[in-house]
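Nothing in this text is a laboratory measurement; each read-out follows from the coordinates by a stated rule. The structure presented is a predicted model; accordingly, all values stated were derived computationally and were not measured. Here the Cβ positions follow ideal geometry from the backbone for every residue, glycine too, while neighbour counts run over all protein chains shown.
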Amino acid sequence: MEWESVIGLEVHVSLSTKSKLFSGTASEFGAEPNTQANIFDLALPGTLPVFNEEALKMAVRFGLAIGADIGKHSVFDRKNYFYPDLPKGYQVTQLDFPIVGKGSLTITLEDGTEKVISVTRAHIEENAGKSLHEEFSARSGIDLNRAGEPLLEIVSEPEITNAKEAVAYLKKLHSIVRYLDISDAIMAQGSMRCDVNVSIRPKGETDLGTRTEIKNINSFRFVEKAIKSEIIRQHEVIEDGGEVLQETPRYDANKDITTSMRSKEVENDYRYFPEPDLLPVVIDDSYISAVKAELPELPDAKKERFIEEFSLSTYDAGVLTATREMAEYFEEVTQGCGDAKLAANWVTGDLLALLNKNDIEITESPIQSDRLATLISRIKDSTVSGKIAKTVFETMIDDSAAVDEIIEQKGLKQVTDSGEIGKLVDEVITNNPDQVQQFKDGKEAVLGYLVGQVMKISQGKANPGKVNELLREKIK
Amino acid sequence: MALDKSEVEKIAQLARLHISEADADEVANRITDILALIDQMQSIDTESVEPMAHPLDAVQRLRVDEITESDHRDEFQTLAPETQDGLYLVPKVIE
Amino acid sequence: MIEKTAAELSQALANGEISSVELTQSYLDRIKKYNEELNSYITVCEESALVQAKEADKKRVHSDSSPLLGIPLAHKDIFCTNGVTTTCGSRMLHNFIAPYDATVVGKLNDAGVVMLGKTNMDEFAMGSSNETSFFGPVRNPWDTNRVPGGSSGGSAAAVAADLCTMATGTDTGGSIRQPAAFCGITGFKPSYGRVSRWGMIAFASSLDQAGPLTKSAEDAALMTNVMAGLDKKDSTSIDKPVEDYTATLNDSLEGLKIGIPKQHFAEGLTADVEKGIQEALCEYEKLGASITEVDLPNNHLSVSAYYVVAPAEASANLSRYDGVRYGYRCANPVDLEDMYNRTRSEGFGEEVKRRILVGTYALSAGYYDAYYRKAQKIRRLIKNDFVETFKEVDVIIGPTSPHTAFELGTKTDPVTMYLEDIYTIAVNLAGLPAISIPAGIANGLPLGMQIVGRDFGEAQILNVAHQFQQQTDWHRQKPNFGQET
């Protein structure tokens, strides 16, 4: 029997507000334990929540970015459960009336085709604190700095069919929230994390199989690996005549396997009910259009523009708009050198290779956009050849000196002086009588060889055009 | 609606309350009485009535996103049963 | 002096007949003498009270003329008071020293009051007799074998026994009005949203409202003037200007339309109380008001709906008491679950646990629609009854409680106790303002009359109550308790 897998993602994004969702406490990453936990965050008796307007705006920005219906009347609910890092004993979230309704986003698959993935909803909720289990014997330590930070939970429809699509979806979400400037979305810091629902079913079947949920995955790579290994595990369970149980298996990154967690799964009953300390959040059309007017250019629109405006290939445009930082870098280079084509080649070529090799973000690039722009300008004004430029580029990685200084110091300037090149041309003509004869006999292709020889003895610095011109002149 | 002992235990577990074996019947009976009082509601049809969550016909006010609180950890932790190194301590959480 | 109203004391202080320090000292002496028997205070703040009094006297010299300057009051122990133990009547918070002031406390401090201490109450405000307090029951000064009512029983008893001039209270289902009625004083619950809930320990968030317990409607107006108003820290606080509630106290009642709900004069009402209320109504007729019977057809469902909504909200509101960050924690927990279960079982009393269980049950999977949602629909019907009625009449008047104060330990069955609030609960579900004022004495015990107004109709019911007190002296009647001859 042929099987297919069905995957749904619940992604939590920390909204990058200054203060918490319902209190005026700072909401920064990495503070000393419990120094960002004040009376409301500690759930002291008598304290009450007041909703942060920026969190609302950020959620609406996201909704508009994915073309979603915006909830004009959204309601907060309490989700009740006990855990030491949940100070109130309930989490304030949105159940029936979320701020963001149904929307969608487009992912690009490896073969270049596009697929639309629907987003069921997105709602605002509070983050929990952190429990530290390793520090003390017989005790867990509770840090509530994170408690009450605003989260946007984005729920996808189960329209994803494999691990690669899941990663593409996640990366697209990552890109959108960063374009919108509503979250750092740094997975390693937990400001973006996801729960993955996986089920398998015979191909053609319309009902969903029993799904399992892998919780709190915090890297793109693990998402891909966890999904793959969970699909394998489910296949094995079924092949062995077993049944997939609704559970939350754990992904072990070291062993690269998911393991069933059949231990004491206490059935939860969250007893949701409308949060009586908060009133319905009501927004009108003018609020929505004001937020809409402030939206930045989003990845899909930017990609289209790059193709139109700069005549880039779909592929290059896709690479260059994958992140906001990449797009900004590219546009800065283009503006600085005035040649989008060359800028695109350099950014998607040498620069990306450099970043990938060293696993660094473009914002950390050792070669800043203005320096790359200068280098490209020097190719354009024939100061250096394209080939020599690569040498300059290599030097620029470790040498922060100005581009022109490097070219000057290393004597990499292209030779365009007819006299100087003439001497080299003469030398090559003298040393290659056979080839010169062949050219004279009409074998055009030999010229390339002769140009190459001149370039070689000039150590690449001779202007190839000039060499070409002089060779033709002198052999005639 | 009558509530039996096992249901009481289930609710008590949700609410993190311990009810001793000896008290369970008594608690179940009392709650059953209260549910009988509550069930008087079922005597009228409310099919077309919109639920009212709140006495006020008002909407949520918004707070400007600014930091108004400063760090008072040491003061707040004097209230706590057990702390160390700035952390609140609880019996080890077994995941 | 101590028996005087705040308005009278304000005059006396202004005229220099007495200083705030002298006044405060006489209350403190009296508390020392009588509190042991009444048990109306959980905490007495002798030192800080005298400091505040001295401060008030100094301000007066500098021509501060706030009406409540230097007046000694008590706060129900449900309000957080910075640096002072705030127990909410519970073992769970027996050691909780609040690190901040409730908005109500802050506003009254700013008005220059002197805080004598924190008053006893039913645990987490759950009770109608003040018998559920971890700190023991409060006794009614009119008869110390009887309850003062609840949950603001300590505040009511303290005002009635002249252990303070006035006190704060909270009212979720009648917790200001019923003890005011039982103790022969004035108790006022403003409209939901009129007074900030910040710093007031939550019982049922959509029903809780703070208000004053005083010796007259005029005092209630003076206190409400200070307590009311928008608080941005409470999302449910209403952005409506606060009127000067004393300005309209003397308006004429000529032409006032009073509605008498037939449901409040039905089975269960004792003859004594009914007689007292009927006589009080005659006073209103003399003042030019007209009286018509009105119908609140869903009133009989108010207790049922309330005992879903209030416990449901409470079950979540009380989840924060987990022994992690403050308050009681059980000794030597063996693991996390044991810590939760024992902390909460040992920290909460029987009634609180019972209500948590009822609320948890009402919200649990499969029962939400039948209970919580249904109760919210009933709530709408009850509100609609009032809206309709207020198209015909200006205020609704009836008894506050079906009877006078009952004896301690006589109502052991929870349902019987819940039905105590049959006349008051609907008002909370609808969010309306209501006041209870003394309207007579039956068999040596005071009886209370409730006046209910429209949404944010505070000024009107205070006016209606004050006019009655101008014609009668029921509010001047004193228990024999603590009368030095």
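Tabulated data
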item: Relative contact order, percent, the range C:388-485 [alpha-carbon distance under 8 Å, six or more residues apart]; result: 29 percent
item: Shape category assigned to chain B from the gyration tensor of Cα positions, a/c cut at 1.5; result: oblate
item: Within-15-Å neighbourhood charge of C:Lys478 [Cβ basis; K, R +1; D, E -1]; result: -2
item: Computed magnitude of the charge dipole of the protein assembly as shown (debye, nearest 20; Cβ of K, R +1, Cβ of D, E -1); result: 1040 debye
item: Lys, Arg +1 and Asp, Glu -1 on Cβ, resulting dipole of the range A:418-475 about Cα centre, debye, nearest 20; result: 120 debye
item: Assigned charges on the beta-carbon of Lys, Arg, Asp, Glu; chain C dipole about Cα centre (debye); result: 960 debye
item: Calculated FRET efficiency for the pair B:Thr78/C:Lys286, C-beta based, R₀ 56 Å, to 0.05; result: 0.40
item: Test item: C:99-109 mean partner chain Cβ contacts at 10 Å; result: 2
item: Label zone at C:Glu337, where the point sits 7 Å out along the Cα-to-Cβ direction: the range B:15-37 residues whose backbone N lies under 18 Å; result: B:15-21
item: Cβ-based exposure ranking for C:Phe79, A:Phe306, A:Phe222, in which fewest neighbours within 10 Å come first; result: A:Phe222, A:Phe306, C:Phe79
item: Using alpha carbons only: equivalent-ellipsoid semi-axes of the range A:74-113, gyration tensor based, whole Å; result: 35, 16, 6
item: Chain A: angle of helix A:163-180 to the longest principal axis, Cα-based, in degrees nearest 10; result: 90 degrees
item: Mean Cα-pair separation over length for the range A:3-286, i.e. relative contact order, pairs under 8 Å, 6 or more apart, %; result: 25 percent
item: Volume per residue that the Cα convex hull of chain A spans, once the total is divided by residue count, Å³; result: 225 Å³
item: Residue exposure sequence - A:Lys440, A:Lys302 - by fewest surrounding Cβ within 10 Å; result: A:Lys440, A:Lys302
item: Normalised alpha carbon radius of gyration of chain C [divisor 2.2 N^0.38 Å]; result: 0.91
item: Signed unit charges on C-beta, dipole axis of chain A, positive-most listed residue A:Ala55, A:Ala343, A:Ala43; result: A:Ala343
item: Neighbour-count ranking [beta-carbon atoms within 10 angstrom, fewest first] of C:Tyr371, C:Tyr34, A:Tyr287; result: A:Tyr287, C:Tyr34, C:Tyr371
item: Cβ-based charge dipole, the protein assembly as shown, positive-most Cα from A:Pro366, C:Leu281, C:Gly366; result: A:Pro366
item: Cβ-derived FRET efficiency at R0 51 Å, C:Ala12 paired with A:Glu114, nearest 0.05; result: 0.05
item: Helix A:369-380 vs. chain A, principal-axis angle (Cα, 0 to 90°, nearest 10); result: 30 degrees
item: Pair A:Trp3, A:Asp434: separation of 7 Å Cα→Cβ label points (nm); result: 6.6 nm
item: Pairs of alpha carbons in the range A:187-271 whose separation is greater than 16 Å (percent); result: 56 percent
item: Rounded tilt (10° steps) of A:418-431 against the dominant C-alpha axis of chain A; result: 70 degrees
item: Distance between modelled label sites at A:Asp381 and A:His235, nm, 7 Å Cα→Cβ extension; result: 6.0 nm
item: Cα-based Rg of the protein assembly as shown normalised by 2.2 N^0.38 Å, two decimals; result: 1.22
item: Relative contact order of chain A, defined on C-alpha pairs under 8 angstrom at six or more residues apart (%); result: 14 percent
